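The values are calculated or read from the model by the stated rules, or taken from the named source; none is laboratory data. On a predicted model such as this, the values are computed, not experimentally measured, just so you know. Glycine also receives a Cβ, built like all others from the backbone with ideal geometry; neighbour counts cover every protein chain displayed.
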Amino acid sequence: MKPVAAALLIASYLAAQAPPVSSELRPLIERYTADRDSLSRVYAIRFSETRRARFDRFYAEQQDALNKVNFDSLSHDGRVDYLLFRNLLARQRRQLQLDAARDRDVEQLLPFGKTIITLEEARKRMESIDPRKAADSVAAILKPIDDGRKAAEGNSKPKTLLAIRAAERLTELRKILKGWFEFYNGYDPNFTWWMADPYKRADAALEAYAKAIQPAENSTVVGSPAGRDALISDLNYNLIPYTPEELIELARKELAWCEQEMIRASREMGLGDDWHAALEKVKNDFVEPGKQPELVRRLAQEALDYVTQRNLVTVPPLAREDWWQEMLTPEQQRSAPFFLGGYIIELAFPTNIMTQEQKLMSMRGNNVHFARATVLHELIPGHHLQFFMAARSRTYRRPFATPFWTEGNAFYWELLLWDQGFAKTPEDRIGMLFWHMHRAARIIFSLSFHLGKMSEQESIDFLVNRVGFERDNATAEVRRSFDGSYPPIYQSAYMLGALQFKTLHKELVESGRITDRAFHDAILEQNSIPVELIRANLIQQPLTRDFKTAWRFWESR
């Protein structure tokens, strides 16, 4: 596409007075979201076979409805939504299979769980209850619970990760049984008469089994490698046309570039090529305890002034007003050693109950120069502005949210501001480079772990030795990555999404086709979807029903 034509096309697309683009798929997607939410309320037990079967049927029905849509008659925006919806449904059905496979090992340890689930699901279906039979069912699970507890207390305790999952499942089953019991107890005299003793014993037995199987509290980090096929599947869903091995190699090159930049900054600080020494000096530049909120407020205003004075992005007045600060608890900091953000910013700083070593690690890990990059990532122009706009633009696209947009765009701002000279001193550059190295390292250790090529401990050591992490912070980072709260490729999304946006910026802004502000506003207006489809919309790339990812963004940087 010629530059002038592209500029006119995008300018027209973004015209402030134009009506919002309407997608023919929006009603279908909104209906899907509402129906899915309804089913989630009814079939609330996430590990129930009944739930999995019902959702599989639901996704199949949605796929049938989508197949009836005439793709060729859709607008460009409608075609984008068609592809998003098609990919989502395929992914959801596959996730049901993965969940079932993951749950099998846990279910073998807790065979009585089906009895509890059956009782609760019958209540949800509003079936009449036979109190005596229900009491017999509850009494029947006492022996298998007790057998499991004795095995856990003996020499048959399962591996750590499986034990953690089993303990969590036991806690959930106990909560489900309690809710079922309290629905009838006291309201149905016959139920209360029959059930008082069996329920009391079952509740105590579930609690005892959970305590017996729960691993002792320690600093051990455990995870479960997803495997190459799962990684490939997730990369395809997010439209990343690279293999895990290619990404690891590219990330190593990115890490090497960062190290050279670290050396340059170290020399400017008078420390020669010893960039680790320069990093140590930067880490020790932290504020006194109690001064952290003041620091974050100042850094937030600095970043806001920077992007608005240079007309880089539109920041609505309310977006400047509707955020505040909270403190992360010591427990939260075990898996979140740095600031978190979005609607608010959560600060990771030491508290009085931490050990002296933990306090120092927290302060060093959230020093002034690290925080300068973190605050813009978490607030404006990063996550806070993203969330603000996502709540107001194309909200029907929420089911398609991807970290390659959310985390990628926030880190992209760090890269863009680096290019524009936001770092005032070599210490500031080292602060920004630390996070750049961190994101490259995340690709290396997380993908290597899920490929079975790096252990949890090796991942921790890698962050300490190659990136310069404090060991407690490295442990928390790896725990966060592998504890199951994030998808396997989530940690790769920061850098990969950022480089997608950076490549697109080069294609559209640096070429003179569009202004910075129009470009960044367009990204926010699209909401959180895979970046390749944002690109397809902005350049009006022809799309077919069988579209597959093909944008080799890294090579075109």
Checklist outcome for this item: Of those in the stretch 303-342 that are without any contact (Cβ under 8 Å) to a residue 40 or more places away in the chain and surrounded by 14 or more Cβ atoms within 10 Å (Cβ to Cβ), the residue farthest from the chain's Cα centre (by Cα) is Thr308
Next on the checklist: Show the residue pairs meeting these rules: Cβ distance below 8 Å; 6+ apart or different chains; first residue within the stretch 420-443 and within 30 Å of Glu456 (Cα to Cα) and in contact (Cβ under 8 Å) with a residue 12 or more places away in the chain; second residue among the hydroxyl-bearing types (Ser, Thr, Tyr) and not in a loop (DSSP other than H, G, I, E, B).
Outcome noted: Ile430/Ser266; Trp435/Thr374; Arg439/Tyr494; Arg442/Ser481; Arg442/Ser492; Arg442/Tyr494; Ile443/Ser492
Next on the checklist: Please count how many residues of the stretch 260-298 are under 29 Å from the mean Cα position of the chain (by Cα) and part of a loop (DSSP other than H, G, I, E, B).
Outcome noted: 1
Checklist outcome for this item: Requiring at least 2 residues that are at pLDDT 95 or above and either within 26 Å of Leu119 (Cβ to Cβ) or not charged (D, E, K, R) (or both), the helices (runs of 4 or more DSSP H) wholly within the stretch 1-86 are 26-42, 49-67
Checklist entry - Hey, any hits in the stretch 101-109 for a residue that's over 30 Å from Leu206 (Cα atoms) and of a type outside the set (A, V, I, L, M, F, W, C)? => result no
Next on the checklist: Name the single residue that is nearest to Leu28 (Cα to Cα) among those in the stretch 108-122 being charged (D, E, K, R) and buried (at least 16 other Cβ atoms within 10 Å of the Cβ).
Outcome noted: Glu121
Next on the checklist: If I filter the stretch 167-177 for residues that are hydrophobic (A, V, I, L, M, F, W, C), over 18 Å from Gln214 (Cβ atoms) and surrounded by 15 or more Cβ atoms within 10 Å (Cβ to Cβ), do I get at least one hit?
Outcome noted: yes
Next on the checklist: surrounded by 23 or more Cβ atoms within 10 Å (Cβ to Cβ) and of a type outside the set (D, E, K, R): which single residue out of Ala536, Ala522, Ala441 fits that description?
Outcome noted: Ala441
Item to check | Exclusive hit being in contact (Cβ under 8 Å) with a residue 12 or more places away in the chain, hydroxyl-bearing (Ser, Thr, Tyr) and touching a helix residue (DSSP H, G or I) at 6+ places or on another chain (Cβ under 7 Å), set Ser75, Ser137 | outcome: Ser137
Next on the checklist: Contact list please: Cβ distance under 7 Å, first residue in the stretch 242-267 and surrounded by 19 or more Cβ atoms within 10 Å (Cβ to Cβ), second residue hydroxyl-bearing (Ser, Thr, Tyr) and modelled with pLDDT of 95 or more, pairs at least six apart or on different chains.
Outcome noted: Leu247/Ser492; Ile248/Ser448
Next on the checklist: Checking the condition surrounded by 18 or more Cβ atoms within 10 Å (Cβ to Cβ), under 26 Å from Arg91 (Cα atoms) and at pLDDT 80 or above, which residue from Phe400, Phe388 passes?
Outcome noted: Phe400
Item to check | The listed residue being touching a Ser or Thr at 6+ places or on another chain (Cβ under 8 Å), within 24 Å of Ile523 (Cβ to Cβ) and β-branched (Val, Ile, Thr), out of Val307, Val315 | outcome: Val315
Checklist entry - Got at least one residue in the stretch 540-556 being closer than 30 Å to Ala166 by Cβ, in contact (Cβ under 8 Å) with a residue 40 or more places away in the chain and surrounded by fewer than 23 Cβ atoms within 10 Å (Cβ to Cβ)? => result no
